[in-house]
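Here is the structure we will look at, set down as structure tokens.
The values are calculated or read from the model by the stated rules, or taken from the named source; none is laboratory data. None of the values given here were measured: they were computed from a predicted structure. FYI the Cβ positions are ideal-geometry reconstructions off the backbone, even for glycines, and counts take in every protein chain you see. Ligands, DNA and RNA are excluded from the accessible area calculation, which covers all protein heavy atoms including side chains. Shrake-Rupley method; radii C 1.70, N 1.55, O 1.52, S 1.80 Å.
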Amino acid sequence: MVKATETGSVRRVSKVWQSQPTLEGAGVHLRRAFGFHEAPRLDPFLLLDDFRGENPEDYKLGFPWHPHRGMETITYMLDGEVEHSDSLGNGGLISPGDVQWMTAGSGIVHQEMPKGDRKGRMGGFQLWANLPAGHKMMEPRYREVKNAEIPVVKAPGGATVHVIAGEVAGVQGPVREIVTEPEYLDVSLKAGQSFTHPVKPEHTVFAYVIEGEGYFQPESESQSASGTGSLVLYGPGNSVAVTTENKPVRFLLVAGKPLGEPVAWRGPIVMNTQEELRLAFREYQEGTFLRHARR
Ligand code: CO
């Protein structure tokens with residue numbers, strides 16, 4: 001482990017692992033970068049699913065009606081579309097480059113049904129962020145951010161960055177007011193480029209490699225390249241530095257403020273205590289789950 005006295009520095013990689021094949025929803029084949037077992041190391045984040053697929057048989061059953069409480073989901077589409085509808089009365093298509101930011105708060109019931117593009121391709125990422133105790137029962141919120149609203153920035157060193165949340169080169173992303181203050185960037189480097197980005201010292205920071213391969217800590221450190229499907233978890237520090245050699249890389253860079261609270265988690269519901277969890281499932285069974293439904 002890096003000592004606390006070294007926090008005024010470029011972050012070093014603490015651990016790297018590969019996303020794993022997982023079956024979710026009504027039978028969707030996806031890759032999970034982290035979930036229940038890894039979540040304690042990724043506070044405030046709970047789960048990251050990479051649901052890119054080439055074959056409609058792998059995803060067409062989708063994620064039919066299910067509840068969420070006590071957390072937020074952030075869905076970022078790359079290919080194809082997801083047809084979404086929820087108990088707040090929201091509905092529509094999430095298209096390539098769009099972001100859906102859903103705060104379940106006290107409760108939401110929704111469905112997410114993937115549709116492939118002409119070649120049958122469909123995919124993107126769903127990140128779950130936890131809510132602190134004081135916000136778990138907040139009024140649910142739903143936002144859709146269209147591709148055109150997400151700024152694309154050329155950063156020093158050559159990187160092209162889609163700024164979904166956070167700030168790069170003085171440009172702020174459109175997703176704000178999220179409780180855990182997350183940053184969410186989609187970063188592309190060509191061969192031989194570099195990207196340096198300041199992060200808050202107290203934040204949990206990770207990268208997930210979408211494609212290609214890159215080096216996720218300063219060049220002087222001995223390290224091997226991390227490739228497609230790698231989850232790169234950072235240790236302490238106040239910036240990250242990524243470089244490429246002879247291959248390009250595209251990755252998500254995500255940071256957020258840890259909550260440091262007990263987590264009681266079953267399926268789509270994430271609370272602080274087992275009693276709150278039992279109550280949520282009982283309410284769902286009894287039809288009293290939704291506090292803020294509009295239809
Ligand atoms: Co859901």
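Annotations for the structure displayed:
- For the stretch 151-261, the share of DSSP beta bridges that are antiparallel, to the nearest 5, is 95%.
- Local electrostatic count at residue 79 - Lys and Arg +1, Asp and Glu -1, tallied over other residues with Cβ under 14 Å: -2
- Ordering of 39-49, 97-107 by burial proxy (mean other Cβ atoms within 10 Å per residue, highest first): 97-107, 39-49
- Extension reserve of the residue 139-residue 171 stretch, reckoned as 0.36 nm per residue once the Cα distance is removed: 8.6 nm
- Listed peptides 50-58, 248-256 appear in the order 248-256, 50-58 once ranked by packing, highest mean of other Cβ atoms within 10 Å at the front.
- Only protein atoms count toward the accessible area here, which uses a 1.4 Å probe; on the chain, the carbon and sulfur part of that area reaches 50 percent.
- Sorting the Cα pairs of the chain by distance into bins of 10 Å, from 0 upward, gives 6, 28, 37, 22, 7, 1 percent per bin.
- Mean residue ellipticity at 222 nm, helices only, the chain: -1500 deg cm²/dmol; runs of at least 4 DSSP H residues each add -39,500 (n - 2.57), and the sum is divided by the number of residues.
- Contour minus Cα-Cα distance for residue 117 and residue 37 (0.36 nm per residue): 25.5 nm
- The C-alpha radius of gyration of the stretch 48-133, expressed as a fraction of 2.2 N^0.38 Å, stands at 1.07.
- In this calculation the C-beta distance from residue 61 to residue 279 is compared with R0 = 25 Å, giving a FRET efficiency of 0.25.
- Using alpha carbons only: equivalent-ellipsoid semi-axes of the stretch 83-215, gyration tensor based, whole Å: 27, 21, 13
- What you get for the chain, charging only the Cβ of Lys and Arg (+1) and of Asp and Glu (-1), is a dipole of about 60 debye around the Cα centre.
- Comparing Cα centroids, the stretch 168-235 and the stretch 47-117 end up 24 angstrom apart.
- For the stretch 191-295: span of alpha carbons on each principal axis (Å, largest first): 58, 27, 24
- Computed from Cα atoms, the angle from the helix 274-286 axis to the main principal axis of the chain rounds to 50 degrees.
- For the stretch 151-261, accessible area per residue (1.4 Å probe, heavy atoms of protein chains only), Å²: 39 Å²
- With a cut-off of 14 Å on the backbone N, the residues of the stretch 156-175 near the modelled label site 7 Å out from residue 219 along Cα-Cβ are 157-158.
- Total lysine pairs under 23 Å (Cα atoms) in the chain, excluding pairs fewer than 8 apart on one chain: 17
- A cut-off under 11 angstrom between Cβ atoms defines the neighbours of residue 32, and their net charge, with Lys, Arg +1 and Asp, Glu -1, is -3.
- Efficiency of FRET from Cβ geometry, residue 14 and residue 85, R₀ 41 Å, rounded to 0.05: 0.55
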